[in-house]
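Here the structure is laid out as structure tokens; the discussion comes afterwards.
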Amino acid sequence: CCCCCCGKIMGKVVVLALVALLLVLAVGDVAANMSQQAVSGVVVDLDCSGGLADLTSASNEDLSDLETSARNILTKHCGKLRRNAFDGFSVADSNSLEIDFVSSKSALMTNECVKSKVNRGRTLMIANGLCSILDATPVIACTTSYTATVNVEVDLGRSAGYLPSKTDGELALPMRYLGIFLADTCGIEECDMDVWQVGSLNVVGPTSLQFDVKDASTASTLSSCVNSNFIKVRKWFTVTGISLDTTTTTTTTTTTTPCAPFESSTTDWVLSCYYSNCDNACAAVSGTCTVSQMNAVDTAAEVQFVANLLSVTCDSIFGSFYYDLPGTYSGVCVYNNAGSSTCGSYYSQRFCCCGSSCPTAT
């Protein structure tokens, strides 16, 4: 009968409506729970003097060609970058283009790729040669407030150098990738960690650093995760431990006696303060840094000889090519085997020649 048919139809309509409502709610929940992307894209600086002098006044057709060309060139020259990694293009200013990506990893890959090409003198041309890419800067999207700090221990491997010798700029890219790997492995949001801005880290030792996190709960999650899963950050380092920093304000503001470099009583060799350089160490003892004698310490026997003069115990000895040698950290003594020492480079504690009397053997 008609009534039965109408009843069945109405019943189906109600069921479909309920299903639709549930789908809407589910999509809303997914959107609400999506992790905030820390690096939303990159701003690419262009030289468009070949024909697009001002991007803000370029036609839609020219901008469309520019977008297509940039997408093609970047996917061609930037290794594993895929065409579906892009999320949008927009004009940032008269000679800059903002490129958005679907993930922080894709944005960082592009930023690293462009800088690498530019630093090696390679020109990436787009828009049929009308524009060349000059530089790239990541767009950081985090607005999180951070209320806790974590201590991080890393294994730098045999050839990665030491954290105090790295500039903020040199540490920026590795730490941004660390944020991505920690978020993926430990199941936290990228923006729960303050590792995205240049200068957001505090280096506190040869293999130790600190950064801020959202709260103590985030620190606890990271600590449990890393203690059961060492996080290898590409070629740079492996994170071996993370813990909540419990240092109080009183402790951090306590006044301490400034370090004084240790002088050999019979020579001009001086042991610098921690994470200082030889210019500062020599100035503190009214001497002048003599780099030639520091470069002369190029064997295990010679670095042991100088260490003895400075009352330093060498539990182990090896050679390296960094500018901040010879020196010592945590019982390890390191000599310079490449003649590359400089007076201004920083190390845990440096062996500094501050005059003319700097013997390397008896």
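Going by average Cβ neighbours within 10 Å, how do the peptides 262-268, 68-74, 99-105, 38-44 rank, with the highest at the top? Each step should come with its number before you reach the end.
On the way: 262-268: 15.7, 68-74: 17.3, 99-105: 20.6, 38-44: 24.4.
Those peptides, ordered most packed to least, come out 38-44, 99-105, 68-74, 262-268.
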Rounded to one decimal in Å, the inverse mean reciprocal Cα-Cα distance for the range 63-166, i.e. its Kirkwood radius, is 16.1 Å
Using 0.36 nm times the number of residues separating ARG83 and ASP135, minus their current alpha carbon distance, what extension gain do you get? 16.7 nm
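Restricting to bridges with both residues inside the range 252-362, how much of the DSSP beta-bridge set is antiparallel, in percent to the nearest 5? Please list the in-between numbers first.
Numbers: 11 of 16 bridges.
Antiparallel: roughly 70 percent of the beta bridges in the range 252-362.
What is the magnitude of the charge dipole of the range 165-309 about its Cα centre, with +1 placed on the Cβ of each Lys and Arg, -1 on the Cβ of each Asp and Glu, and no other charges, expressed in debye to the nearest 20?
On the way: 6 positive and 15 negative charges, 55 e Å.
Here the range 165-309 has a charge dipole of around 260 debye.
What dipole magnitude, in Debye to the nearest 20, does the range 73-164 give about its Cα centre under +1 on Lys/Arg Cβ and -1 on Asp/Glu Cβ?
Details: 10 positive and 8 negative charges, 111 e Å.
Computed about the Cα centre, the dipole is about 540 debye.
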Computed FRET value (nearest 0.05) for CYS314 with SER90, which takes r as the C-beta separation and R₀ as 51 Å: 0.35
How many angstrom lie between the C-alpha centres of the range 258-334 and the range 211-227? 37 Å
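Please say if the range 163-249 is rounded, prolate or oblate, where rounded means a/c under 1.5 for a ≥ b ≥ c the square roots of the C-alpha gyration tensor eigenvalues, and otherwise the choice is prolate for a/b larger than b/c and oblate otherwise? Display every interim value, and only then the final one.
Numbers: a/c = 1.42, a/b = 1.18, b/c = 1.21.
Verdict is rounded for the range 163-249.
Which of the peptides 306-318, 210-222 is most tightly packed, and how do the rest follow, going by the mean number of other Cβ atoms within 10 Å of each residue? Spell out each step's value before the answer.
Values: 306-318: 15.7, 210-222: 19.3.
Put in order of decreasing packing, that is 210-222, 306-318.
Just need the relative contact order of the range 316-362 here, percent rounded to a whole number, with Cα pairs under 8 Å and 6+ apart. Present the calculation step by step, with values, prior to reporting the outcome.
Values: 74 pairs, mean separation 17.1, N = 47.
Normalised by residue count, the contact order of the range 316-362 is 36 percent.
By how many nm would the segment from SER265 to LYS117 grow when fully extended, if each residue of separation counts as 0.36 nm and the alpha-carbon distance is taken off? Please report the intermediate quantities before stating the final value.
Numbers: separation 148, 0.36 × 148 = 53.28 nm, distance 5.15 nm.
Net length gain for the segment: 48.1 nm.
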Which Cα, out of LEU178, SER90, LEU130, lies furthest along the positive dipole direction of the range 90-229 (beta carbon charges, K/R +1, D/E -1)? LEU130
With the charge dipole of the range 160-213 built from beta-carbon charges (+1 for Lys and Arg, -1 for Asp and Glu) about the Cα centre, the Cα from VAL198, VAL213, GLY169 projecting farthest to the positive end belongs to GLY169
For SER340 and GLN210, extending 7 Å from Cα along the Cα-Cβ vector and measuring point to point gives, in nm, a value of 3.1 nm
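Read-outs: derived from the displayed coordinates by stated rules, not from any lab. The structure displayed is predicted, hence computed values, not measured ones. A quick note on method: Cβ atoms are made from the backbone with ideal geometry, for glycine too, and the neighbour counts reach across all protein chains shown.
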